[in-house]
Amino acid sequence: MTNAGANTDPWLTRWLPLLVERAREGPVLELGCAAGRDSATLVDAGLHVVAVELSSEAVTHARVRVPAGAQFHCQDFRDPFPLPADATVGVVLASLSLHYFEWAATLELVRRIHRVLRPDGVLLCRLNSVNDLHYGGRGPSSVTGRDEDCFYLFDGFPKRFFDRTAVEQLFADGWHMHHLAEVTIDRYEHPKVAWEVVLEPRPY
């Protein structure tokens with residue numbers, strides 16, 4: 001077992017049977033693992049994790065938190081995924097990590113996730129909601145100069161915020177959406193509002 005400590009955001013628990021089923025003997029590709037909170041949950045469920053995180057400090061914490069059962073790679077996950085050439089996986093997990101980019105870059109990232117998933121695979125992700133008012137859902141300043149893009153600077157970082165229509169547009173091509181719900185996350189100083197999405201790849 002990993003030394004994960006108290007989990008104040010046990011959102012993965014309900015999805016573990018599905019993830020174990022779809023991963024089979026292969027790894028879970030986790031995009032944006034931060035300090036390894038979800039990585040620990042996956043490893044404790046018997047899954048192997050290949051995780052990507054941009055922050056070297058977060059990767060250091062993740063390696064301490066999950067000393068076995070996971071590989072942590074410090075890189076931008078817009079770069080090639082740290083998998084063997086032409087490898088596919090049964091599960092991609094991206095919790096609060098797909099919303100930092102211009103729309104075209106976000107679409108391309110989703111297409112790359114589609115390509116790396118097996119036909120019976122699953123993508124589980126969480127995305128910022130436009131109703132996430134404590135963490136930038138109404139600005140203060142648009143990155144593109146167009147408020148309708150819902151792509152704002154918050155604490156010095158660009159963050160995209162989604163309404164239901166934008167989530168559906170992001171996954172309109174090549175995906176079957178099994179689950180879409182707006183949820184409240186209670187692990188931060190203030191409640192955070194996000195979209196929780198479960199998808200399967202479909203042929204384009």
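The values are calculated or read from the model by the stated rules, or taken from the named source; none is laboratory data. Model, not experiment: these values are computed from the prediction. All Cβ positions, glycine included, derive from the backbone under ideal geometry; neighbour counts span all protein chains shown. Note: accessible area is taken over every heavy atom of the protein model, side chains too, but ligands, DNA and RNA are not part of it. Shrake-Rupley method; radii C 1.70, N 1.55, O 1.52, S 1.80 Å.
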Segment 181-199 residues that are under 12 Å from HIS134 (Cβ atoms), paired with ones that are part of a loop (DSSP other than H, G, I, E, B) (beta carbon under 6 Å, 6 or more apart): THR184/PRO191; ILE185/ASP9; LYS192/ASP132; VAL193/ASN131; VAL193/ASP132
Where a residue in segment 57-71 is among the basic types (Lys, Arg) and its partner, wherever it lies, is open to solvent by less than 50 Å² (accessible area, probe 1.4 Å) and part of a helix (DSSP H, G or I), with Cβ under 7 Å and at least six apart: ARG65/ALA40
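Going by the structure shown, is VAL167 in a strand (DSSP E or B), under 21 Å from ILE185 (Cβ atoms) and either at pLDDT 90 or above or small (Gly, Ala, Ser) (or both)?
Details: in a strand (DSSP E or B): no; under 21 Å from ILE185 (Cβ atoms): yes; either at pLDDT 90 or above or small (Gly, Ala, Ser) (or both): yes.
Judged against the criteria, VAL167 is not a match.
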Cβ contacts < 7 Å: first residue touching a residue at least 40 places away in the same chain (Cβ under 8 Å), restricted to segment 110-125; second residue part of a helix (DSSP H, G or I) and aromatic (Phe, Trp, Tyr), any location; separation 6+ or different chain. Result? LEU124/TRP15
Answer from ALA62, ALA94, ALA85, ALA70 - the residue that is closer than 22 Å to GLU168 by Cα and not charged (D, E, K, R): ALA94
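Need a quick list: helices (runs of 4 or more DSSP H) entirely within segment 32-146 having at least 3 residues that are open to solvent by 20 Å² or more (accessible area, probe 1.4 Å) and among the basic types (Lys, Arg). Show your work before the answer.
Numbers: elements: 37-44, 56-65, 103-116.
Counting at least 3 such residues, we get 103-116.
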Hey, ARG160 hits all of (1) under 19 Å from ARG37 (Cβ atoms); (2) under 15 Å from the mean Cα position of the chain (by Cα); (3) at pLDDT below 95 but one; which does it fall short on? (1)
For HIS179, all conditions in the list (1) closer than 23 Å to GLY90 by Cβ; (2) open to solvent by less than 10 Å² (accessible area, probe 1.4 Å) hold save one; what is the number of the exception? (2)
